[in-house]
1. Identify, by number, the condition in (1) without any contact (Cβ under 8 Å) to a residue 60 or more places away in the chain; (2) surrounded by 22 or more Cβ atoms within 10 Å (Cβ to Cβ); (3) under 17 Å from the mean Cα position of the chain (by Cα) that residue 97 doesn't meet.
2. For segment 148-162, which positions are under 19 Å from the mean Cα position of the chain (by Cα) and under 16 Å from residue 190 (Cα atoms)?
3. Quick one: in segment 125-153, which of the residues that are crowded, with 17+ Cβ neighbours inside 10 Å and touching a residue at least 40 places away in the same chain (Cβ under 8 Å) is farthest from residue 207 (Cα to Cα)?
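Nothing in this text is a laboratory measurement; each read-out follows from the coordinates by a stated rule. All values derive from a computational prediction rather than experimental measurement. Cβ placement follows ideal geometry from the backbone for every residue including glycine, while neighbour counts extend to all protein chains displayed.
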């Protein structure tokens, strides 16, 4: 790794920056995480991927800092987050499993999950003063394509909340996304649909600082806007971070731009606000 860093100017720049600011970076890492190990692991990911190694230093550094500030491990079997090379620009993409992981760290959440609903399933929604959701998946048969998706969150005090979206509503969000015609929207639609409904549910959930940062970064990426690291992480105001350039065109791993949709448009929800 050391040889590769010395041979690649942008990697040397990123490595030197991370080492020089290690003490400052430690202030923004969630307390339960080994910050030094997280930073070392993140750098190892970059050094081990030639596509990332060719990215410009500015986008690499910003992506690494975002991952560190959210406390997520990147490019691991946990599938919490990824560093994705788009041309010479690197972007941090947070997966739905990463959002679930961060949401549970609040101490108030005991469970959070999302599932598809198919035509032969038994599915019933009840709203009003006593909202409820019943789902009995069909077993031993071809369930066909999903007709909708839902996410449920359960809190420590026993209360629950849920969010439901029809497949048509998910598809409408896909059309709004800059990456709707390529990448995971095409190869992993089910994963992206689950992430979409989870994101909406988490807007009403108590979040840790790290989880709030992750959802904010994810939202900005979805809309193709710049990530102002200083605003997202005030603790890093004394760290001079290079500008985060947005590449031309959509990232192949860009999350759905569901924040372009009005807050209550076509939404079925349950539980207390």
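1. (2)
2. 149, 150, 151
3. Per the criteria, the residue is 146.
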